[in-house]
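Trainee: Got a structure for you, questions after.
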C-alpha cells in the first residue's frame, strides 16, 4: 500500500496567494474610486446649495453679494450669507440665506483653484457686472460628462455650471 502525501503543494499555495492579492488590489481601487466620486458629489451639492442661496439673496437685493476671489466657507470672511452679504458671523442678522456656507473638500484635489489669504483650495466666488452676475470657480477630481463638467477646473454662474475656468 502506497501512502500519498496530503496537503497543498508550493505552487498551489502561491496561486491562491496571487489570486487573493489581485482581489485585494481590485477592491482597494474600487473603494478609492467610490470615495473620490462621493467627494465630487458632495462638492457639486455644496456649489448648488450656494447657488440657491445666492438666488435668494438676489431676489431680496436685486444684485449678488460683493466679493472678489472670495474663498467660500472661510470663517473670517464668508462663513454665512445674510441680507448684508457674506460675513464671518450672521448670528445678529434677521434674514439669513445660508447659515453655514460650505467649504470645499480639499482631499484629492490638485490645487488648480486657489484664492484667499493664505491661498488655498476653495470655491472661489467673484461678483461681476456690477452685481448682476457672479462666478464660482471650483475643482473636481473626476469628470462628469453627463452634466458637461470635467476633471479639474469648472465654473458655476447664475445660468448653471460648465467645464473650464470662469471667464469674466
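Trainee: With a/c under 1.5 counting as rounded, go ahead and sort region 34-163 into rounded, prolate or oblate using the C-alpha gyration tensor (a ≥ b ≥ c being the square roots of the eigenvalues; past the cut-off, prolate if a/b is larger than b/c, else oblate).
Mentor: In terms of gyration-tensor shape, prolate.
Trainee: Can you give the calculated 222 nm mean residue ellipticity of the chain, where each DSSP H run of n ≥ 4 adds -39,500 (n - 2.57) and the sum is split over every residue, rounded to the nearest 500 deg cm²/dmol?
Mentor: When only DSSP H runs of four or more count, the value is -11500 deg cm²/dmol.
Trainee: Can you sort 168, 37 so the residue with the fewest Cβ neighbours within 10 Å comes first?
Mentor: By the 10 Å Cβ count, ascending: 168, 37.
Trainee: Between the helical axis of 10-61 and the dominant principal axis of the chain, each derived from Cα atoms, what acute angle in degrees is found, rounded to the nearest 10?
Mentor: In the chain, helix 10-61 runs at an angle near 10 degrees to the longest axis.
Trainee: For residue 142 and residue 13, FRET efficiency with R0 = 41 Å and r from the beta-carbon atoms, rounded to 0.05?
Mentor: About 0.60, to the nearest 0.05.
Trainee: Using alpha-carbon pairs under 8 Å, 6+ residues apart, how would you state the relative contact order of region 1-119 in percent?
Mentor: The normalised contact order for region 1-119 reaches 18 percent.
Trainee: Can you tell me how much longer the chain between residue 30 and residue 120 gets when fully stretched, taken as 0.36 nm per residue apart minus their C-alpha distance, in nm with one decimal?
Mentor: Stretched fully, the residue 30-residue 120 segment lengthens by 29.5 nm.
Trainee: Among 106, 92, rank each residue by its count of other Cβ atoms within 10 Å, from fewest to most, as a rough exposure measure.
Mentor: Least to most surrounded, the residues fall as 92, 106.
Trainee: In whole Å, how far is the Cα centre of region 36-82 from that of region 127-150?
Mentor: If we compute the Cα centre of each part, the gap is 12 Å.
Read-outs throughout are calculated quantities, based only on the coordinates presented, and are distinct from any laboratory measurement. Just so it is clear, the model here is predicted, and its values are computed rather than measured. Virtual Cβ from ideal backbone geometry, glycine too; neighbours counted across all protein chains shown.
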